[in-house]
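Trainee: Next up is a structure, given as structure tokens.
The values are calculated or read from the model by the stated rules, or taken from the named source; none is laboratory data. Remember, it's a predicted structure, so these values are computed and weren't measured experimentally. Note that each Cβ is placed from the backbone with ideal geometry, even for glycine, and that neighbours are counted across all protein chains shown. Protein only, heavy atoms only, side chains kept; ligands, DNA and RNA dropped before computing areas. Shrake-Rupley method; radii C 1.70, N 1.55, O 1.52, S 1.80 Å.
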Amino acid sequence: MTPPGSVVVTGAASGIGRAIAQRLAADGYPVAAVDLHVEQLEAVVADLRAAGGRVVAVAGDVRDRDCHRRARAAATELAPLWGWVGCAGITRLHDLTDLDEADAREVVDINQLGLLWGSAEAVDEWTTAGRPGVLLVISSVHAGHAAERHPVYEMTKAAAEALVRSVAVTYGPRGIRAVAVAPGAVDTPALRASMQSAADPAAAQHRLEGFSPAERLARPEEIAAVVAFLLSDQAGYISGTAIPVDGGWTAVLARESQDAEARRRS
Ligand SMILES: NC(=O)c1ccc[n+]([C@@H]2O[C@H](COP(=O)([O-])OP(=O)(O)OC[C@H]3O[C@@H](n4cnc5c(N)ncnc54)[C@H](O)[C@@H]3O)[C@@H](O)[C@H]2O)c1
């Protein structure tokens, strides 16, 4: 397959974004890889180039609109822009009764406004050039489902899916698709750090694995594979929706036993 153009991937230095950049570069897409953590980003980009990828690093903060302008310029220099993957995101856990204002603003600024600025840049590029394109957003099972201590995160992920619908409806007639990918628990440095901060990290991991009938965490590559499909023409009629990649987690009404070992024996 000859890729139809370049792709911007935000949050490309770690976890899911890194796996997406790796997969798309391996598929032959020219990639503009964006991240705040410059050293980590440059190491990822160096690896991808060594493997033959056409990848450039764009060091920047998605809260800053200029970061997205630079990403757009870097991607279009490689090839006409085909895709924009908004993956950079963070989680900070609070209940409404112990909200930390600085944390709440940071989550909204990165997960929600960072996505808005990037989406605006991508749509402007496609409409100005009169070209089709695909906007992909890494949402979460939390967009449509609630868990304790996640109100701010859940608000931002629901907003991300609302943005996807808006772009799909407004710009669909110009050949622009927009899709959210909603992962369950994915084995990334961010998730590992949150499990490590639990009183009993092994129990926290076991509990998270047991939420989905798959009884394991997703691998970042499994999210990247769905992103690669959604960018392709095979997904040409998918737009304005969210695709869960959660091992069946959101299908669960109840499970007979919370004990994975007992379930395996039964
Ligand atoms: N890991 C999971 O279980 C999981 C599940 C559902 C959704 N997600 C979503 O997937 C995305 C990636 O999560 P991850 O687990 O791979 O996290 P991660 O921390 O491993 O990677 C996130 C990357 O985003 C970058 N980033 C953070 N803030 C940034 C900013 N302001 N500007 C530029 N880059 C920034 C970080 O430097 C990091 O490289 C997030 O949007 C997250 O909400 C993760």
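Trainee: Residue check: is Val85 open to solvent by less than 20 Å² (accessible area, probe 1.4 Å) and under 19 Å from the mean Cα position of the chain (by Cα)? Write out each step before concluding.
Mentor: Details: open to solvent by less than 20 Å² (accessible area, probe 1.4 Å): yes; under 19 Å from the mean Cα position of the chain (by Cα): yes.
For Val85, the condition - open to solvent by less than 20 Å² (accessible area, probe 1.4 Å) and under 19 Å from the mean Cα position of the chain (by Cα) - is met.
Trainee: Among Ala88, Ala19, which is within 9 Å of the ligand (Cβ to nearest atom) and either without any contact (Cβ under 8 Å) to a residue 40 or more places away in the chain or not in a helix (DSSP H, G or I) (or both)?
Mentor: Of Ala88, Ala19, the one residue that is within 9 Å of the ligand (Cβ to nearest atom) and either without any contact (Cβ under 8 Å) to a residue 40 or more places away in the chain or not in a helix (DSSP H, G or I) (or both) is Ala88.
Trainee: Right, Arg192: at pLDDT 95 or above, of a type in the set (D, E, K, R) and in the same structural domain as Ile20 (by TED's automatic domain parsing) or not? Give the steps one after another, and end with the answer.
Mentor: Working: at pLDDT 95 or above: yes; of a type in the set (D, E, K, R): yes; in the same structural domain as Ile20 (by TED's automatic domain parsing): no.
In short, no.
Trainee: Tell me, which helices (runs of 4 or more DSSP H) lie completely within the range 160-266 with 2 or more residues that are charged (D, E, K, R)? Working first, answer last.
Mentor: On the way: elements: 189-196, 201-211, 220-231, 260-265.
Passing ranges, in order: 201-211, 220-231, 260-265.
Trainee: Right, here's the next one. Report whether or not Ala32 is closer than 18 Å to Leu115 by Cα, assigned by TED's automatic domain parsing to the domain that holds Ile223 and away from the ligand (no atom under 11 Å from the Cβ).
Mentor: On the way: closer than 18 Å to Leu115 by Cα: yes; assigned by TED's automatic domain parsing to the domain that holds Ile223: yes; away from the ligand (no atom under 11 Å from the Cβ): yes.
Against the criterion (closer than 18 Å to Leu115 by Cα, assigned by TED's automatic domain parsing to the domain that holds Ile223 and away from the ligand (no atom under 11 Å from the Cβ)), Ala32 qualifies.
Trainee: State whether one or more residues within the range 92-108 are crowded, with 17+ Cβ neighbours inside 10 Å and either aromatic (Phe, Trp, Tyr) or near the ligand (Cβ under 8 Å from one of its atoms) (or both).
Mentor: no
Trainee: Here's another thing I want to ask about it. Within the range 43-55, is there a residue that is near the ligand (Cβ under 9 Å from one of its atoms) and outside any helix (DSSP H, G or I)?
Mentor: The answer is no, given that none of the residues of the range 43-55 is near the ligand (Cβ under 9 Å from one of its atoms) and outside any helix (DSSP H, G or I).
Trainee: Can I ask one more? Among the residues of the range 210-262 satisfying the criterion of being acidic (Asp, Glu) and modelled with pLDDT of 95 or more, which is farthest from the chain's Cα centre (by Cα)? If you could, list the steps in order and put the result at the bottom.
Mentor: First, pick out the residues of the range 210-262 that are acidic (Asp, Glu): 215, 221-222, 233, 246, 256, 259, 261.
Retained after the next criterion (residues that are modelled with pLDDT of 95 or more): 215, 221-222, 233, 246.
Details: Glu215: 22, Glu221: 12, Glu222: 12, Asp233: 20, Asp246: 13 Å.
Selected residue: Glu215.
Trainee: With the requirement that a residue be open to solvent by 40 Å² or more (accessible area, probe 1.4 Å) and among the acidic types (Asp, Glu), what does the range 124-143 give you?
Mentor: Passing the criteria: only Asp124.
Trainee: In addition: Among (1) over 21 Å from Gly248 (Cα atoms); (2) open to solvent by 60 Å² or more (accessible area, probe 1.4 Å); (3) assigned by TED's automatic domain parsing to the domain that holds Asp61, which single condition is Ala146 missing?
Mentor: (1)
Trainee: Can you pull out every residue in the range 165-219 that is open to solvent by 50 Å² or more (accessible area, probe 1.4 Å), within 15 Å of the ligand (Cβ to nearest atom) and among the acidic types (Asp, Glu)?
Mentor: Asp187
Trainee: For Ala158, work out the one condition from (1) touching a Pro at 6+ places or on another chain (Cβ under 8 Å); (2) within 13 Å of the ligand (Cβ to nearest atom) it doesn't fulfil.
Mentor: Exception for Ala158: condition (1).
Trainee: Does Gly133 satisfy being under 25 Å from Gln22 (Cβ atoms) and within 16 Å of the ligand (Cβ to nearest atom)?
Mentor: Considered against the rule, which asks whether it is under 25 Å from Gln22 (Cβ atoms) and within 16 Å of the ligand (Cβ to nearest atom), Gly133 comes out as no.
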